[in-house]
Amino acid sequence: QVQLVESGGGLVQAGGSLRLSCAASGTVFNVNTMSWHRQAPGKQRELVASIINGGTTNYGDAVKGRFTISRGNAANTVYLQMNSLEPEDTGIYYCKLWMLSAGEFWGQGTQVTVSS
């Protein structure tokens, strides 16, 4: 059983930074993509950033140039460095794991609140 656990969320002032972490456990195939998604109040869940095995990254338009996704030293960990945070970045941030021939798995989410 695959489980994802996010951490690092919290309250931060506009212009500040946060670093989110996601750790996956269980049966995780080597061919996978890990990503961050968020859901702001009154909005649909959106892609924040994704990273594949080889390190190729993809970012949502709203966070390009401000957020950086990276894989950790552990095999199934991923981070999201969030800089220059804006109130619009407020929301619940979810970590997602996609595995070849296995589908996708989601974490519980971690709250990020950016105050003005």
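The values are calculated or read from the model by the stated rules, or taken from the named source; none is laboratory data. Since the model is a prediction, treat every value here as computed from it, not as a measurement. Backbone-built Cβ (ideal geometry, glycine too); neighbour counts: all protein chains shown. Heads up: the accessible areas ignore ligands, DNA and RNA and are worked out on the full protein's heavy atoms, side chains in. Shrake-Rupley method; radii C 1.70, N 1.55, O 1.52, S 1.80 Å.
At-a-glance table
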quantity	calculated
Total residues in the stretch 75-106, condition touching a Leu at 6+ places or on another chain (Cβ under 8 Å) and open to solvent by less than 10 Å² (accessible area, probe 1.4 Å)	6
Which numbered condition ALA49 misses (of (1) among the small types (Gly, Ala, Ser); (2) free of Cβ contacts under 8 Å to residues at least 12 places away in the same chain; (3) crowded, with 16+ Cβ neighbours inside 10 Å)	(2)
Evaluation of VAL78 against (1) more than 15 Å from LEU20 (Cα to Cα); (2) out of contact with any helix residue (DSSP H, G or I) (no Cβ under 9 Å at 6 or more places or on another chain) (one fails), failing number	(1)
Matching option when the condition is more than 17 Å from LEU4 (Cβ to Cβ) and open to solvent by less than 70 Å² (accessible area, probe 1.4 Å), among GLY42, GLY72, GLY60, GLY54	GLY60
In the stretch 1-56, the residues that are over 23 Å from ALA102 (Cα atoms) and part of a loop (DSSP other than H, G, I, E, B)	GLY8, GLY9, ALA14, GLY15, GLY16, SER17, ALA40, PRO41, GLY42, LYS43, GLN44
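Residue-by-condition table, conditions (1) out of contact with any Cys (no Cβ under 9 Å at 6 or more places or on another chain); (2) of a type in the set (A, V, I, L, M); (3) under 22 Å from VAL114 (Cβ atoms); (4) at pLDDT below 95:
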{"residue": "SER21", "(1), (2), (3), (4)": "no, no, yes, no"}
{"residue": "VAL31", "(1), (2), (3), (4)": "yes, yes, no, yes"}
{"residue": "ILE69", "(1), (2), (3), (4)": "yes, yes, yes, no"}
{"residue": "GLU86", "(1), (2), (3), (4)": "yes, no, yes, no"}
